[in-house]
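Right, one structure below, let's go through it.
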């Protein structure tokens, strides 16, 4: 059981790290493989803790990342707003995630 808790905490951390990396990526580039890590984390959280409130939050962050990718391809002009939204979602993520020591 303790190992499952540790694994869940690791996936929770990955979601935050991905959002942080995307929001602060230089020159508007999203690092390769970023979205796949986010999707793996969401899938792992669904398997470990179905119904956890973090899943809906992570899925919302994933949608924001996809919208940002679209904007960075020149198909939208709201990249700056999406980065702000992702940063806000990251702050909410941290506030909603209990600290484990």
Just one of 83, 87, 91 is surrounded by fewer than 18 Cβ atoms within 10 Å (Cβ to Cβ), at negative phi and either in contact (Cβ under 8 Å) with a residue 60 or more places away in the chain or in contact with a strand residue (DSSP E or B) (Cβ under 6 Å, 6 or more places away or on another chain) (or both); which is it? 87
Tell me, yes or no, whether the range 33-46 has at least one residue that is at pLDDT below 80, in contact with a helix residue (DSSP H, G or I) (Cβ under 9 Å, 6 or more places away or on another chain) and more than 21 Å from residue 75 (Cβ to Cβ). no
Restricting to the range 73-96, and then to whatever is modelled with pLDDT of 85 or more and out of contact with any helix residue (DSSP H, G or I) (no Cβ under 8 Å at 6 or more places or on another chain), can you tell me which residue is farthest from residue 54 (Cα to Cα)? 80
Just to be sure before I move on: is residue 13 at pLDDT 80 or above and either under 17 Å from residue 92 (Cβ atoms) or part of a helix (DSSP H, G or I) (or both) in the structure I sent? yes
Quick one: is residue 41 over 19 Å from residue 24 (Cα atoms), in contact (Cβ under 8 Å) with a residue 12 or more places away in the chain and out of contact with any strand residue (DSSP E or B) (no Cβ under 7 Å at 6 or more places or on another chain)? yes
Close pairs from the range 6-17: first farther than 19 Å from residue 50 by Cβ, partner exposed (fewer than 14 other Cβ atoms within 10 Å of the Cβ), Cβ under 7 Å, at least 6 apart: 16/94
Filter result (closer than 22 Å to residue 84 by Cα and surrounded by 15 or more Cβ atoms within 10 Å (Cβ to Cβ)) within the range 42-58: 42, 54, 55, 57, 58
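The values are calculated or read from the model by the stated rules, or taken from the named source; none is laboratory data. Since the structure is predicted, the reported quantities are computational estimates derived from the model, not experimental observations. Cβ: placed from backbone, ideal geometry, glycine included. Neighbour counts: every protein chain shown.
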